[in-house]
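Remarks on the structure that follows.
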Amino acid sequence: NPTTGMVNISSNQTIETIEVFDVTGKLVLSHRNDNHQKHIELDLSAFSNGIYFIQTYNQNAEKSLNKVVISK
């Protein structure tokens, strides 16, 4: 971290949903993982430079929140 846009998300369990929020708390991306993967590569390169929060939900409805900085 920081990244120019590509973010790798991994979990021990199936990732169900990924949500990306900007620094103001606005939801800027929502991705549903219909392929039931445990590893997802997320392309945020179209987003402006700044701080974003990535919230993931796994198959047990547990959530995880991580911060990422986009700097191009």
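The values are calculated or read from the model by the stated rules, or taken from the named source; none is laboratory data. Small disclaimer: the values here were computed from a predicted structure and weren't measured. Don't worry about glycine lacking a Cβ; one is built from the backbone with ideal geometry, like all the others, and counts go over all protein chains shown. These area figures cover heavy atoms from the full protein model, side chains too; ligands, DNA and RNA do not enter into them. Shrake-Rupley method; radii C 1.70, N 1.55, O 1.52, S 1.80 Å.
Residue separation of GLN37 and LYS67 scaled by 0.36 nm, minus their Cα-Cα distance, works out to 8.7 nm of gained length.
A Förster radius of 22 Å, combined with the Cβ-Cβ distance separating SER48 from ASN12, puts the computed FRET efficiency at roughly 0.10.
Contact order, relative form, for the chain: 41 percent (alpha carbon pairs under 8 Å, 6 or more residues apart, mean separation divided by residue count). Along each principal axis, taking the top coordinate minus the bottom one, the Cα set of the chain gives 33, 21, 18 Å in descending order.
Restricting the calculation to Cα atoms, segment 29-71 yields a radius of gyration followed by a Dmax of 11.7, 33 Å.
Counting only protein heavy atoms, what percent of the accessible surface of the chain is carbon or sulfur at a 1.4 Å probe? Accessible surface attributable to carbon and sulfur in the chain totals 46 percent.
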